[in-house]
Every structure is written in structure tokens, then in C-alpha cells.
Amino acid sequence: MANFVFLFFASFTVICAAGIVLNRNAVNAAMCLLLCLVGVAGLFVRLDAFLLAFLLLLVYAGAVVALFLFIVMLLDTKGGTTPARSAVAKAASLGAGALLVAGLASFTLKGRLAAPPPAGPAVGASLKAYAYELFTLYLLPVEVVGFILLITMIGVIVLSRKEAGGA
Amino acid sequence: MITATLNAYLAISALLFAIGFLGVLVRRDTLIIFMCLELMLVASTLALVAFSRFNGTMDGNVFVFFILTVAAAEVAVGLAIIVAFFRKRQTVQVDHIDALKN
């Protein structure tokens, strides 16, 4: 039964991910991204990372995909005619794809654990573990990340400001 | 309650990453390329969470926490750049982004 849940979420995620790449329409692709993220959140729950699953849904599925949809509808992107690819680009894509597949296969097949996973509840299951780590060992990164968000906000305001007088 | 092996999670993560990479290579629409980039980022977080769970440590989980924050910032800036580009050129096809070519 537990394996069935894993297989369900895994295949659901991969199919939706393929949908992002294959969909011609950008809105449909964004919807596929949303479903794919829900699938990944399900896998996170299977890994007992409940907080991360919740944050993934909140930040990604909630905020990021909504932002994507806004922009897709704002820009009204009609594809138009796209010129054919050059032979060099095709060869480079093929080479890069082959390298990626080889690297990922070795990563997947050679992933080994020295010891079996510890029994009992996972460390990542409790909110307390996150709070303890974030406010002791990772206190400086938390502050840096807050600063990054501030800089992002300012940067986005600057980028999206109308240029005065075409300057 | 954990039955699937670490390698199963890593395989899913690798598959998602490869699909995202493929999307970046074959699609022409900047927005969809950006979505595929996000997919690659999420695939890497899945690997981190799986490693963290199977090793019984918190490091991967905390790292994913930071990745989520930075990804949100990245999306905001990236989309702002795309909108700014669209205002200048009236298109978001990558084939038309060639100002630095030649």
C-alpha cells in the first residue's frame, strides 16, 4: 500500500513534468507545473518532511505559479514563426543531453548508504528541529536570506519602473 | 513509514531534472524555459530531502528551506526581467534575444 502511494506520486510528478515541456500553451504549462509541484509535495510527505511539503505548496504552488500565470496573461505571448535550428545547436543539444543522462544514471545507480535509515520518526518531521537549526547554527544565513529578499524587492521595483523619457 | 529506497527517490529526482533540462534545451518561449528551470530546482530539492531523510540528518532539509527562499526571489527578479524585455522588444522568444550576438 505504501509503495503504491509512492508510485502514484512519482508517476504523477513525472507525467506532469513532461506536460510542462510538451504543452504548446504557456497557461497549460503553468498548470502542469502546479500539478507537478503538488506531486513533489506528496513525495516530501512520504519522506516525512511535512514542513517542507507545506512550504513548497505555499511558496511555489501558491506564489510562484500565480506569478507565472500573471505574467503569461500580461504578455500574451504568441509564438509566431521560429527559425529552424542550426546543425551546431542540434549537435550541442544532443551532446549535452547524452552527458546529462550519463551523469544522472551514475548518480542514481551508485547512490549507496553506509547504514539503513534509522527507524522511528524522522528528524525532519518536527517543526522544533527546524526552529532549533535555523536559530542556532544557521542564524547568519537566515539573516542573509532576509536581506536577499529585501534586495530582490528593491530590484524588482527598479526593473519594472517605467523608464522616464526613454532614458 | 518509509518503504521506497533512496535510489527510487534519486531516480525520480534525476528524471525530473532531465525533463527540466530537456525543456530548457528544446523550448523557445522564455517563460516556459523559466518554468523548466524551476522544475530543475525542485528536482534537486527532492534529492536533498531524500538524502536527509535516509541519513537521519537535518542539513538537507534546512538547505531546502533556504533554496525555497532564494527560488522565490529568483522568480520575482527573473519575471521582472522578462517583462522589461517584453516592453522593449514585444516578444519573449529566445531567438529574438540576440543583442549580445556578433
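The values are calculated or read from the model by the stated rules, or taken from the named source; none is laboratory data. Please read all numbers here as calculations on a predicted model, not as lab measurements. Every residue, glycine as well, gets a Cβ built from its backbone with ideal geometry; the counts of neighbours run over all protein chains shown. These area figures cover heavy atoms from the full protein model, side chains too; ligands, DNA and RNA do not enter into them. Shrake-Rupley method; radii C 1.70, N 1.55, O 1.52, S 1.80 Å.
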Given a 1.4 Å probe, how much area per residue of chain A is accessible, in Å²?
61
When the distances between all Cα atoms of chain B are binned every 10 Å from zero, what whole-number percent does each bin get?
14, 35, 29, 15, 7, 1
For chain A, diffusion coefficient by Stokes-Einstein and Kirkwood Rh (Cα), 4 °C, 1.567 mPa s, µm²/s
63
Counting other chain Cβ atoms within 10 Å of each Cβ in A:6-16 and taking the mean gives 3
Describe numerically, in nm with one decimal, the distance between label points set 7 Å from Cα along Cα→Cβ at residue A:110 and at residue A:144.
2.9
For the stretch A:14-78, what's the radius of gyration and Dmax over Cα atoms, in angstrom?
12.7, 42
Expected output for the stretch A:52-74, residues with a loss of 30 Å² or more in accessible area relative to the chain alone at probe 1.4 Å, reads A:52, A:55, A:59, A:60, A:64, A:67, A:68, A:71
Computed over chain A: relative contact order in percent, which uses C-alpha pairs under 8 Å that are six or more apart:
17
Considering only C-alpha atoms, what is the centroid distance from the stretch A:122-139 to the stretch B:54-95, in Å?
24
Quickly work out the residue A:100-to-residue A:137 label distance, labels modelled 7 Å from Cα along the C-beta direction, and quote it in nm with one decimal.
3.2
Can you work out the accessible area per residue across chain B, with the rest of the protein chains kept in place, probe 1.4 Å, in square angstrom?
40
Between chains A and B, the summed loss of accessible surface on complex formation, probed at 1.4 Å and reported to the nearest 100 square angstrom, is 6700
Would you mind giving the mean number of other chain beta-carbons within 10 Å of the Cβ of each residue in A:94-102, as a whole number?
2
If each part is reduced to its alpha-carbon centroid, the stretch B:7-32 and the stretch A:8-79 end up apart, in Å, by 13
For residue B:53, net neighbour charge (Lys/Arg +1, Asp/Glu -1) across residues whose Cβ lies under 13 Å away:
-1
Evaluate the Debye formula for the stretch A:7-47 with equal point scatterers sitting on the alpha carbons, no solvent, and hand back log10 of I(q)/I(0) at q = 0.24, 0.30, 0.34 Å⁻¹, in q order, two decimals.
-0.67, -0.90, -1.05
Leaving out ligands, DNA and RNA, what percent of the accessible area of chain B is carbon and sulfur, probe 1.4 Å?
70
Taking the mean number of other Cβ atoms within 10 Å as a proxy for protection, how do you rank B:7-13, A:24-30, A:140-146 from highest to lowest?
B:7-13, A:24-30, A:140-146
Chain B - percent relative contact order, Cα under 8 Å, separation 6 or more:
27
Just which residues of the stretch B:32-53 lose 50 Å² or more accessible area with every protein chain there, against their chain alone, with the probe set to 1.4 Å?
B:35, B:39, B:42, B:46, B:49, B:53
